[in-house]
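Worksheet: the structure to be examined is printed underneath.
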Amino acid sequence: MESSDGTTVILVKLHGSVRWGRRSLGEIAGKPNDVIVELPHFVGRNPGKHLHAVLYPSESPKPTAAEPFRTGYRIFRHCLNHARILIVIGCSLRDPEVRSAISDAADDNPHLRLLLFGPEAKHDATAVDLGIDAGRVAAVRGRFETTDYVEGKSAFMGCLRGYSASACADEGDPVKQSFRFGVTRDYLTPDVPDIRRPEPLGRP
């Protein structure tokens with residue numbers, strides 16, 4: 001929903017942050033009692049009694065059962081189970097925890113579609129890697145960058161909006177032909193059609 005009077009985006013850092021530090025306060029009922037604090041800039045790695053609360057991208061197992069990662073992954077999985085489209089921008093999807101969450105969501109949520117956006121994105125290879133139907137994956141081979149604004153067209157956002165509309169549209173809707181899943185294509189080929197927002201309903 002596009003609105004200036006409410007929260008429309010919630011940012012969840014699945015892998016934590018180099019600005020977050022974890023400090024142990026012992027245990028409560030046999031479980032770790034840790035506190036997460038924001039660290040100042042330029043303090044170096046694991047300063048003082050704090051350990052950085054960040055998971056670096058790798059294929060090795062990670063402590064996702066520990067906070068703040070546990071809550072982040074729970075939110076991620078919950079969102080995937082109710083979403084129509086997951087847009088992945090410039091991410092290699094190397095992390096087993098992320099791949100597992102997407103694969104499980106594709107099994108549990110038949111409406112979920114996956115859009116990959118990056119210079120080397122491939123819908124078929126990613127579908128095989130995740131173990132999901134390639135017909136539910138689209139890849140746009142382009143770079144995530146700013147472009148000059150052209151009246152009536154928003155290149156990057158227009159592409160994302162088009163695929164979002166396609167994922168939510170009923171069968172037979174023309175937008176599904178312009179923004180088809182099950183293919184890899186070059187950035188904004190074919191041209192983005194004019195997708196107009198519906199007029200708001202009048203109030204009684």
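No lab work stands behind these numbers, since they all come straight from the coordinates. These numbers come from a predicted model, not from an experiment. For neighbour counting, all protein chains shown are included, and Cβ atoms are generated from backbone atoms with ideal geometry for every residue, glycine included.
Summary table
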{"read-out": "Eligible lysines near residue 62 by straight Cα distance, threshold 27 Å, same-chain separation 8 or greater", "value": "13, 31, 49, 122"}
{"read-out": "Rounded, prolate or oblate (a/c below 1.5 giving rounded, otherwise prolate when a/b exceeds b/c) for region 81-186 by Cα gyration tensor", "value": "oblate"}
{"read-out": "Neighbour cut-off at most 16 other Cβ (10 Å), DSSP loop, trypsin sites (Lys or Arg not before Pro), region 31-128", "value": "45, 49, 84, 94, 122"}
{"read-out": "For 73, 56, order by how many other beta-carbon atoms lie within 10 Å, fewest first", "value": "56, 73"}
{"read-out": "Whole-number D in µm²/s for region 1-144 (Stokes-Einstein; Kirkwood sum over Cα pairs; 25 °C, 0.890 mPa s)", "value": "142"}
